[in-house]
Each structure stands twice: as C-alpha cells, then as structure tokens.
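Trainee: Mind having a look at this structure? Questions to follow.
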Amino acid sequence: MCMDLQEQWQAEGYLVIPELIDRARALRLRAICEPILDQWRVANPDVAATGKPGGDPDATVMRHLNHPGYFANHMDWFCELMDAVADPRVLDIARTIFGEEPLFRCTSLFFNPLLTSKDGDWHRDSQFTTPDDDAEKAFLAAHGRDGFGMQLQIALAPSADIEFIPRSHLRWDTPEEYAIRKGDGWKNNRSNAMPGALRLAVEPGDAILFNPSGIHRGRYHADKLRRTLMLTYTRTSEPYQDYFSNQPWFLAPDYLAPLPPAARQFFDAFVHTYQAWWRR
C-alpha cells in the first residue's frame, strides 16, 4: 500500500486520501483557524517579515498560522495545530512519498474572499523560482517526477476548489496549456478551458496532496465557504530558504516546550536546519 502511494505520486502527481484526520479533529482545527484568520485580517503578527499589516477583504491565503502571536492566551490551540503538523500518519505518508525524512516548511490557510469571486491563476510553482522558460524546463527535468516539495491540503470544510492536471509534473506544457498558463503575458491564466483539468472534491478531514510542479490552481468564490489547511514539507536533503521557511520565532527557548517529545523532535530538525540562517 505504501509503495502504491509513492507510485501514484510519481506517476500522477497527486493523491486524495479520505479521512486523513477524523472529521471531529478537522472541525476543531477549523475552530482554531477562524480566530487566527480574524486576527490576521486586522493585524498580522509577522508584519516585520511581510511588510503587510494583514489581509484585505479579497485575500485568499495566509501563511504561518503557527506564529506565537496567535496563541498568547490559547496554548491549547497551539498544541492542537502543531500536533497536526507532526502527526505520525501525516509524516508516514510524506516519508513514503519522499523516500526519506520529511522536513517541515510552512503552515498556510486558504479561504474564500469576502467580496470578489475569482477562479485562480493556472500555474506551476516552479514558474515563481525560475527566471525563464528554459530554466523552468531544467527545473522540471530535475525535480518533476519526485517533486521538490509537497503541498498537503486538509479540508476543514467541504470543498471542490482545487484543480490539477494529472501527469503534468512529468513534462512541459502542451501548446494549449502554455497559451493559458503563460501566453499573451498571462492574460488567459484564469481560463476555465484548461484541457485535462481534474477538480478534486473533499469533505472535512480529507486530504489532497499534489506535486506543486504540476499545473494547478485554486478557486475562490465569496459565496462558497473555503477553509483549507495546507501543510508544506520538503525533503530533509533539500531544504529551501524563503519566506515559507523563515520562522525565527522557533528560536525562542520556550516555543516548543508545550509539545510532546515526538513532536518536539520533529520540529527540532527544522530548527537545526535553519537556525544559522535565521540568526543572520
């Protein structure tokens, strides 16, 4: 079964895992994420890193739900959230897919906008870290099949707002795909005519895992509730320094103290990997 997960990941670029966490736990996590989102909209405690005071009404994603600024009077929230990130079942799946130990990278929350609905931009995450098509093709050749990292999205409310093109992580765009993703200066990248797109429907507790080098997008409609907790992991052998992994609050001596030993051990690897960079 474990090898089946790795084989599907490598061949298709995505997995759907029903009931990765039980529904009751998913609803507890949603109850935690709601006040975090409310606070972020008013005042992002990570403003020193982002330069932004919080999200506007049409924002659709926030990062670093594990920032200590959200948990001053709610250490139980913190423990519940971090326990989900370090859950043995979640880590076993990541370990199976990567073929090595997973390394924590980031927590994110996707949500519906308050005012303006939109279908998201079709993209590969590789387009944001490469300067041109040739560099992006080289990146896909090096990392496409196994994936540079993993986006594990857990539904906290029913949703059918993730779209993915199976097997697109293994190759460059077809002419039709490229015309939508990048053509005409990205004028068409919200098109609903993307060939081969698969829309993935999930219930609370279900998880979608996909290779971010594949072509994908989210959908964000003001009249359709979306609450999706995304846990991002990379291989321990391939750490990456960016905003996602820039979390210097882990250096506070008491930050991980409330967690059980197994969870602390998992996050200690994250601290060990990035602490020198954070201190600089």
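The values are calculated or read from the model by the stated rules, or taken from the named source; none is laboratory data. None of these values were measured; they are calculated from a predicted model. Positions of Cβ are generated from backbone atoms using ideal geometry, with glycine treated the same way; all protein chains shown enter the neighbour counts.
Trainee: Select from the range 63-91 the residues that are free of Cβ contacts under 8 Å to residues at least 60 places away in the same chain and either of a type in the set (D, E, K, R) or touching a Gly at 6+ places or on another chain (Cβ under 8 Å) (or both) and write down the one among them that is nearest to ALA269 (Cα to Cα). Break it down stepwise before answering.
Mentor: Step one: of the range 63-91, the residues free of Cβ contacts under 8 Å to residues at least 60 places away in the same chain are 69-74, 76-77, 80-81.
Then drop every residue that is not either of a type in the set (D, E, K, R) or touching a Gly at 6+ places or on another chain (Cβ under 8 Å) (or both), which leaves 76, 80.
Numbers: ASP76: 23, GLU80: 20 Å.
Filtering first and then ranking leaves GLU80.
Trainee: Taking only pairs six or more apart or across chains, which ones have beta-carbon atoms under 9 Å, a first residue in the range 227-243 that is in a loop (DSSP other than H, G, I, E, B), and a second residue that is among the basic types (Lys, Arg)?
Mentor: Final answer for the pair search is PRO239/ARG105; TYR240/ARG105; ASP242/ARG105; TYR243/ARG63.
Trainee: Now, a different point. Residue check: is PRO253 modelled with pLDDT under 95 and farther than 22 Å from ASP121 by Cβ?
Mentor: Working: modelled with pLDDT under 95: yes; farther than 22 Å from ASP121 by Cβ: yes.
Yes: the conditions hold for PRO253.
Trainee: Going by the structure shown, is GLY99 among the small types (Gly, Ala, Ser) and either under 29 Å from ILE180 (Cα atoms) or touching a strand residue (DSSP E or B) at 6+ places or on another chain (Cβ under 7 Å) (or both)? Walk me through how you get there before you give the answer.
Mentor: Details: among the small types (Gly, Ala, Ser): yes; either under 29 Å from ILE180 (Cα atoms) or touching a strand residue (DSSP E or B) at 6+ places or on another chain (Cβ under 7 Å) (or both): no.
For GLY99, the condition - among the small types (Gly, Ala, Ser) and either under 29 Å from ILE180 (Cα atoms) or touching a strand residue (DSSP E or B) at 6+ places or on another chain (Cβ under 7 Å) (or both) - is not met.
Trainee: To continue, here is another question. Could you say whether any residue in the range 169-176 is touching a Phe, Trp or Tyr at 6+ places or on another chain (Cβ under 7 Å), at negative phi, of a type outside the set (Lys, Arg) and touching a residue at least 40 places away in the same chain (Cβ under 8 Å)? Outline the logic, then answer.
Mentor: Residues of the range 169-176 touching a Phe, Trp or Tyr at 6+ places or on another chain (Cβ under 7 Å): none.
So far as the range 169-176 goes, no, none of its residues is touching a Phe, Trp or Tyr at 6+ places or on another chain (Cβ under 7 Å), at negative phi, of a type outside the set (Lys, Arg) and touching a residue at least 40 places away in the same chain (Cβ under 8 Å).
Trainee: Suppose we filter the range 168-218 for residues that are under 19 Å from GLY147 (Cβ atoms), part of a loop (DSSP other than H, G, I, E, B) and of a type in the set (Lys, Arg); how many remain?
Mentor: Residues flagged as under 19 Å from GLY147 (Cβ atoms), part of a loop (DSSP other than H, G, I, E, B) and of a type in the set (Lys, Arg) within the range 168-218 amount to 1.
Trainee: In the range 226-280, what residues are touching a helix residue (DSSP H, G or I) at 6+ places or on another chain (Cβ under 9 Å), under 30 Å from ALA160 (Cα atoms) and surrounded by fewer than 18 Cβ atoms within 10 Å (Cβ to Cβ)?
Mentor: Passing the criteria: only TYR243.
Trainee: From the residues in the range 1-51 that are in a loop (DSSP other than H, G, I, E, B) and surrounded by 12 or more Cβ atoms within 10 Å (Cβ to Cβ), which one is modelled with the lowest pLDDT? Can you show your working first?
Mentor: Within the range 1-51, the first condition is being in a loop (DSSP other than H, G, I, E, B), and the residues that meet it are 1, 13, 18-22, 43-46, 51.
With surrounded by 12 or more Cβ atoms within 10 Å (Cβ to Cβ) added as a condition, the list becomes 13, 19-21, 44-46.
Working: GLY13: 94, GLU19: 96, LEU20: 97, ILE21: 96, ASN44: 89, PRO45: 89, ASP46: 84.
In this case the residue turns out to be ASP46.
Trainee: How about the range 52-65: which of its residues are charged (D, E, K, R) and part of a loop (DSSP other than H, G, I, E, B)? Don't jump to the end; show me each part of the working.
Mentor: Our first condition is that a residue be charged (D, E, K, R); within the range 52-65, this holds for 52, 56, 58, 63.
Passing the criteria: LYS52, ASP56, ASP58.
Trainee: Among the residues in the range 117-140, are any in a strand (DSSP E or B), among the aliphatic types (A, V, I, L, M) and either over 16 Å from the mean Cα position of the chain (by Cα) or at pLDDT below 95 (or both)?
Mentor: No, because not a single residue in the range 117-140 is in a strand (DSSP E or B), among the aliphatic types (A, V, I, L, M) and either over 16 Å from the mean Cα position of the chain (by Cα) or at pLDDT below 95 (or both).
Trainee: Of the residues that sit in the range 141-188 and are buried (at least 19 other Cβ atoms within 10 Å of the Cβ) and among the acidic types (Asp, Glu), which one is farthest from GLY218 (Cα to Cα)?
Mentor: Checked the range 141-188; the qualifying residue farthest from GLY218 (Cα to Cα) is ASP173.
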